[in-house]
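Reviewing the structure listed below.
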Amino acid sequence: MTLSAERVSRAAGGRLILDGVDLSPRPGATTGLLGPNGSGKSTLLRLLAGVLAPASGVVTLDGRPLDRMGRRDVARRVAVVEQQADTQVELTARDVVRLGRIPHRRSWAPASAADEEAVTDALRRTRLTAQADRLWHTLSGGERQRVQIARALAQQPRELLLDEPTNHLDLRHQLDVLALVAALPVTSVVALHDLNLAAMYCDHLVVLSEGRVVARGEPAEVLTADLVAEVYRVHAEVTRTGPDDRPHVRFLATLPDRADLGPDQTGLGPDETGLS
Amino acid sequence: MTSAEGAETAGRAASGIPVARRVRPVWLPAAGIAALCVSVALAVTVGPADIGVADVWSVIAAHLGAGTTAGDVSPLRDGIVWDLRLPRTLLAAVCGAGLAVCGAVLQSLLRNPLADPFVLGVSSGASTGAVLVVVLGVGGGALSVSGGAFLGAVCSFALVMLLSHSLGGSTDRVVLAGVAAMQLFSALTSFVVMTAADAETTRGVLFWLLGSLGGAGWPDVWTGTAVLAVALAVCLGHARTLDAFAFGQDAAATLGVHVARTRLVLLCVTALLTAVLVASAGAIGFVGLVLPHAVRALTGPGHARLLPLCALSGAVFLVWVDTLARTVLEPKEVPVGVVTSLIGVPAFVLVLYRTRRYR
């Protein structure tokens with residue numbers, strides 16, 4: 001038992017963002033959350049973090065509904081790395097990582113040896129020990145993202161939620177960040193845009209489209225030309241040429257938007273249509 | 001704090017990349033307390049009436065029930081020291097401490113480096129309340145100037161909360177609602193003064209609006225101290241929570257902070273403290289804006305250290321500024337708010353200049 005969303009829905013501005021989504025990430029594994037912009041990935045992560053409450057359905061942690069748990073208790077279990085974090089405060093990398101100990105400390109208590117150990121350990125695991133005393137605004141995008149991951153690790157979570165952590169990073173740093181996340185012994189849920197990165201680093205994929213789950217399973221089952229055409233409106237070729245025979249997606253052309261087509265047309269030949 | 005951080009003072013790492021420049025010696029708070037005691041002790045001996053240092057201290061010692069009786073000091077001089085100078089100096093310390101702490105808390109909470117205790121419209125509301133009492137005689141004599149100021153401050157804070165809540169409740173909405181209330185109440189104050197006040201009253205009101213510790217009495221000192229103590233305790237209890245706001249409200253929420261509750265508690269506490277201080281001393285500007293930035297540059301951003309040091313340095317700062325204000329044009333007095341602003345505006349520009357390079 002771990003973090004689990006059951007039939008969660010959430011609307012904003014009269015539009016349904018999530019429509020009865022189930023998600024039960026496998027403990028210890030890395031689950032990739034895919035889907036076009038506006039498909040509900042970020043909202044789902046925010047529901048899982050307990051920052052937003054579902055309009056219907058329930059998010060549970062070890063079987064207990066999140067909204068019946070204290071915020072601090074949730075923060076000791078579930079850590080979040082956002083797409084982009086910024087601050088005007090003059091913090092060092094170590095200061096930022098120390099923020100991760102807040103849920104573990106009482107209001108007036110000074111930092112314990114265990115707190116400092118968790119911070120040092122998180123810096124070491126993210127290979128930031130040498131940069132620990134650098135100021136946040138002097139760090140590169142990749143370093144900042146690693147500092148945020150170190151901060152999340154200092155929370156000593158069992159569940160880690162990441163919202164497009166590779167955004168704004170160069171190629172090398174994208175691979176670094178995802179390899180780091182995939183190697184962590186925690187249950188992680190990562191929202192991603194890049195299908196090939198998802199195929200390389202995730203154990204399990206969940207694809208959202210217009211607030212509903214349209215596919216889930218291992219990368220090789222999920223990532224098919226049909227799915228890419230249906231969900232992203234992109235014509236693609238999928239081969240098993242990634243590392244460890246994982247799928248690799250090669251994009252060929254965009255397909256017309258569904259709104260531009262008649263009711264019985266998908267822009268594909270008859271044997272290529274649809275998903276079940 | 002570990003010993004490794006004890007002397008974390010290096011300006012630049014070997015690579016030439018700037019690292020944190022911080023002074024974190026344990027003696028800093030102790031030095032602040034000592035500086036405050038010395039400042040108060042010196043400030044009470046300074047003034048237009050020519051009273052010797054020894055006489056000043058024998059008066060204070062006598063009133064504290066220690067040492068010899070004040071038999072050799074005339075009742076007039078006794079009154080000057082005990083009923084004018086000492087409460088005034090102590091109120092300066094309380095106001096400086098309170099305004100600096102409010103400023104530091106609001107800057108972190110609203111994530112706005114230009115926030116100060118008056119961003120919630122409290123000072124302009126207080127001015128309107130005071131002007132209504134002084135000029136229009138609202139309350140029929142039952143309401144003192146500071147009573148009216150306090151009521152005005154509470155009304156304008158309530159308006160800001162109501163407005164920001166109905167505008168969506170995000171931090172920038174709070175700041176915008178505060179600015180709106182500030183404009184509204186300033187206009188009301190000017191309207192009342194321009195239409196109803198005579199020259200003499202206008203002068204009195206203006207002096208109050210610019211901030212003055214001249215009317216300080218013991219009741220002001222006791223009320224201010226009590227509210228400051230409670231507010232400081234509440235803010236220190238939230239020190240780590242305030243640290244969590246560094247990356248915004250959502251990030252704070254994922255670190256286990258009840259964002260809405262924390263914000264409500266801290267906004268109410270800082271507004272209450274500001275209202276009490278403004279009611280007794282007028283709107284003394286810039287202490288709450290500038291001091292937190294100066295202290296943060298010294299201690300680093302951790303609120304558990306920042307807040308007490310803000311309180312101490314704010315107290316020392318205002319004690320000396322007030323001493324300057326009442327002596328520089330002797331026997332005339334310069335409103336203390338004018339002096340703080342003359343020092344504050346260049347510092348304000350410096351803050352803008354510093355934040356510029358992060359964007």
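Observations on the structure shown:
- Region A:129-152, subset closer than 21 Å to A:Asp163 by Cα and not in a helix (DSSP H, G or I), residue most open to solvent (accessible area, probe 1.4 Å): A:Ser140
- Each residue in region B:144-186 was checked for being farther than 21 Å from B:Leu277 by Cβ, in a loop (DSSP other than H, G, I, E, B) and hydroxyl-bearing (Ser, Thr, Tyr), and 1 of them qualify.
- Filtered residues of region A:30-53 (kept if in a loop (DSSP other than H, G, I, E, B), open to solvent by less than 40 Å² (accessible area, probe 1.4 Å) and either touching a Cys at 6+ places or on another chain (Cβ under 7 Å) or away from chain B (no Cβ under 14 Å) (or both)): A:Gly35, A:Pro36, A:Ser39, A:Gly40
- Failed condition for B:Thr241, given (1) under 15 Å from the mean Cα position of the chain (by Cα); (2) of a type in the set (Val, Ile, Thr); (3) closer than 30 Å to A:Leu52 by Cα: (1)
- Restricted to region B:202-287, the set of helices (runs of 4 or more DSSP H) holding at least 3 residues that are out of contact with any Leu (no Cβ under 7 Å at 6 or more places or on another chain) comprises B:218-237, B:249-254, B:259-281.
- Residue in region B:329-340 that is surrounded by fewer than 24 Cβ atoms within 10 Å (Cβ to Cβ), among the basic types (Lys, Arg) and more than 14 Å from chain A (Cβ to nearest Cβ) present: yes
- Note on region B:264-293: residues that are closer than 25 Å to A:Ala85 by Cα, open to solvent by 20 Å² or more (accessible area, probe 1.4 Å) and within 14 Å of chain A (Cβ to nearest Cβ) amount to 1.
- Selection count, region A:87-107, where residues are open to solvent by 10 Å² or more (accessible area, probe 1.4 Å) and either part of a helix (DSSP H, G or I) or more than 7 Å from chain B (Cβ to nearest Cβ) (or both): 8
- Any hit, region A:110-118, residues being polar (S, T, N, Q) and either without any contact (Cβ under 8 Å) to a residue 12 or more places away in the chain or in a helix (DSSP H, G or I) (or both): yes
- Screening A:Leu128 against (1) touching an Asp or Glu at 6+ places or on another chain (Cβ under 9 Å); (2) within 21 Å of A:Arg46 (Cα to Cα) leaves a single unmet condition, (2).
- Of the criteria (1) within 26 Å of A:Leu45 (Cα to Cα); (2) open to solvent by less than 20 Å² (accessible area, probe 1.4 Å); (3) facing chain B (nearest Cβ under 8 Å), which one A:Arg71 fails: (2)
The values are calculated or read from the model by the stated rules, or taken from the named source; none is laboratory data. Keep in mind it's a predicted model, so treat the numbers as computed, not measured. All Cβ positions, even for glycine, are placed from backbone atoms using ideal geometry, and neighbour counts span all protein chains on display. Areas reflect the complete protein model, heavy atoms only, side chains present, ligands, DNA and RNA absent. Shrake-Rupley method; radii C 1.70, N 1.55, O 1.52, S 1.80 Å.
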